[in-house]
Amino acid sequence: MEPPHALSVARRAPRFSAWLLFGPAVAWLVVVSVGLLVTATRQFPVPDRGAVEPAGSETCARCHPQQHASWFASYHRTMTQKATGDAVLAPFAGESLRTLGFVATMTGKAQGRPHMRIASVDDGSVLLDVDVELTVGSHRYQQYVARIDRGGGAQERWRLPLAWHPQARRWLHLSGAFLTPDGRDGSAEDYMRHMSRWSDNCIFCHNTEPSPGLGADGLWRPQLAELGIACEACHGRASAHVAKHDNPLARVLTAWSGRPVDNSVAQPGRLDPGLHADVCGRCHGQRIAKDITEVMRHGDGFVPGQPLGAVSRPIFRDSELEGLAASPFADRFWPDGTPRLSAYEYQGLLSSECHDQGRGLSCNDCHTMHGEDPDGQLRAQYDVAETCGRCHSPTILTGGAEHGGHSAAVDCADCHMPHVTYGLLKGMMSHRITVPDPGALVGRHDQPDACTQCHVGRSRQWAAQSLGSLRLAGTAAGLPDEREAWASRVVLDLLGGDPVQRTLAAHALSRVGAQGPPRARLQALLAALSDEYPAVRWLAWRGLTAMAERGDDNVLAAVVAGYDFMAPLPARIAVERELLALLGEEALPRQTLRSALRALSDDKAIWIGE
């Protein structure tokens, strides 16, 4: 029998021989790999991503076909397009829109040159006679852009005052889409007030890497990386990325190194929550530039992946702007600072405790640019309760009495992200995550609450008392004023609130799932058809249409179909009388209630564009 140490030596001998044979090769491989990695790093240093050239989405498609396909199916891609072929949603086949004393006639699509002519009904004088060059939007409504030199040169472009609504299959004057009162009949100034210059307005949030190109001579020479919102709007300019990955060695070494971050472009999904929100906030949050002159010349200078605050600051309720009166933006927010208009989603997120100052919830927790459904761009199998449940105990969020006692039809967003934002001709979900507290608003008439936006037949006092019965915390309700006994909270807003409150009330009354007697809701919407703001009348008309369709009421639907929210007053009144004969008058006559509410409220006019 061999001694133990002899066996140990015998076992080690093959290993030693293997190292003698393969060790130098392994060591050489390590040295070569490190050398190649160092060489590649020197060849492809961290680029100045703000200075490199754009590459274009078609270049991205070569290596990222799946991501390109999902983006191509999105409404971001079609945000701005050349006005040719199927990109133009409106007929432009000789149809016309007569409103405010002018008639607009749209022609030329069949010939490949969409054209808009606007003339006075009275004397035939022409306001506009232009070819349409670009479209803006393709989802909620589509706007149109033409080249019009008003001192800015041959490349000066203007958004025209009409838009096409694809769902309603009709033309709209933009005074009916934005929050402005009816204009004066025959006033060219009122008719054209929403004709705005594309070159220093729409160009920014509807295109990729926009540069207005305003010269010292006052002429516009715009440059874009791409029409619409394309890859480099979120990932940044990609020519350095393309050059790096065109090298097969660099691709192999990058994969071999296991380094998850490619510093030649931004990967929004891998950014921290704050920087990810900045990418979206560039367009989904109105801002004040640090250097507006530079922005007009060369663009905003934002580089995805870097702080948005380096080039601008978001507008909040208390934001100031040199040369303007104090708090010039206050009308765009509710008294507690919650945005009440679209294009302020970024501000809503920043104001949410869940965002945790850039360390918590962010846009990509709910949304994705590369999902299956372009409408809302929610993540596949998105479940709001699952998202909230990452931080909040799921046992509290199951709908039991411990958390509100609501049915499964009500989810977290219904209560904590209520529809208290107006935009795109509808009430929209707030992106500020809040806790409902109707008791804090009892006796006030300047802000809607989550509870009565669903329970549209109830008062805010009822909502405050109901929180306690559901074992939910809230402010003890104070004494209501006399108005709260006259009608439900939403009807008070509909007839006595400011224009934003009135649009949101009309939206709430007709929503699927709204809690309240259908006939009373129809009567309230009928009352809103006589509002002086066309946007309120639009939402009331759309609400009546939707409720008639859901209720299979063909008679009501036929009468409602004859209403035109932009028609002259006598034509609108005639249809309202027909509807009144069908629906009857509410308990407190609408004009009496409206007059009483307006007498007690601060009925200031609000003029808010897009």
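The values are calculated or read from the model by the stated rules, or taken from the named source; none is laboratory data. Quantities reported herein were computed from a predicted structural model and do not represent experimental measurements. Positions of Cβ are backbone-derived with ideal geometry, glycine not excepted, and every protein chain shown enters the neighbour counts. Note: areas computed on protein heavy atoms with side chains; ligands, DNA, RNA excluded. Shrake-Rupley method; radii C 1.70, N 1.55, O 1.52, S 1.80 Å.
For the stretch 545-566, a residue qualifies if it is of a type outside the set (Gly, Ala, Ser), open to solvent by less than 10 Å² (accessible area, probe 1.4 Å) and assigned to a helix (DSSP H, G or I), and the qualifying residues are LEU556, VAL560. Among the residues examined, ARG542 qualifies as open to solvent by 20 Å² or more (accessible area, probe 1.4 Å), within 22 Å of THR180 (Cα to Cα) and modelled with pLDDT of 90 or more. Out of curiosity, is HIS276 at pLDDT 95 or above, assigned to a helix (DSSP H, G or I) and in contact with a Ser or Thr (Cβ under 6 Å, 6 or more places away or on another chain)? The answer is yes for HIS276. Of the residues in the stretch 183-200, at least one is small (Gly, Ala, Ser) and within 24 Å of LYS109 (Cβ to Cβ). Give the number of residues within the stretch 118-137 that are in contact (Cβ under 8 Å) with a residue 12 or more places away in the chain and open to solvent by 30 Å² or more (accessible area, probe 1.4 Å). Here the count works out to 6.
Scanning the stretch 148-203 for residues that are of a type in the set (D, E, K, R), part of a strand (DSSP E or B) and surrounded by 18 or more Cβ atoms within 10 Å (Cβ to Cβ) yields ARG157, ARG159, ARG197.
Considering the stretch 497-530, and only residues there that are part of a loop (DSSP other than H, G, I, E, B) and over 28 Å from the mean Cα position of the chain (by Cα), the residue that is surrounded by the most Cβ atoms within 10 Å (Cβ to Cβ) turns out to be GLY516. Applying the condition of being acidic (Asp, Glu) and out of contact with any Pro (no Cβ under 8 Å at 6 or more places or on another chain) to the stretch 466-525 and asking which residue is nearest to ARG577 (Cα to Cα) yields ASP498. Within the set ASP356, ASP373, ASP331, the sole residue that is open to solvent by 40 Å² or more (accessible area, probe 1.4 Å), in a helix (DSSP H, G or I) and more than 29 Å from ARG502 (Cα to Cα) turns out to be ASP356. For the stretch 97-117, taking the residues that are within 14 Å of THR84 (Cα to Cα) and of a type in the set (Lys, Arg), the one that is least open to solvent (accessible area, probe 1.4 Å) is identified as LYS109.
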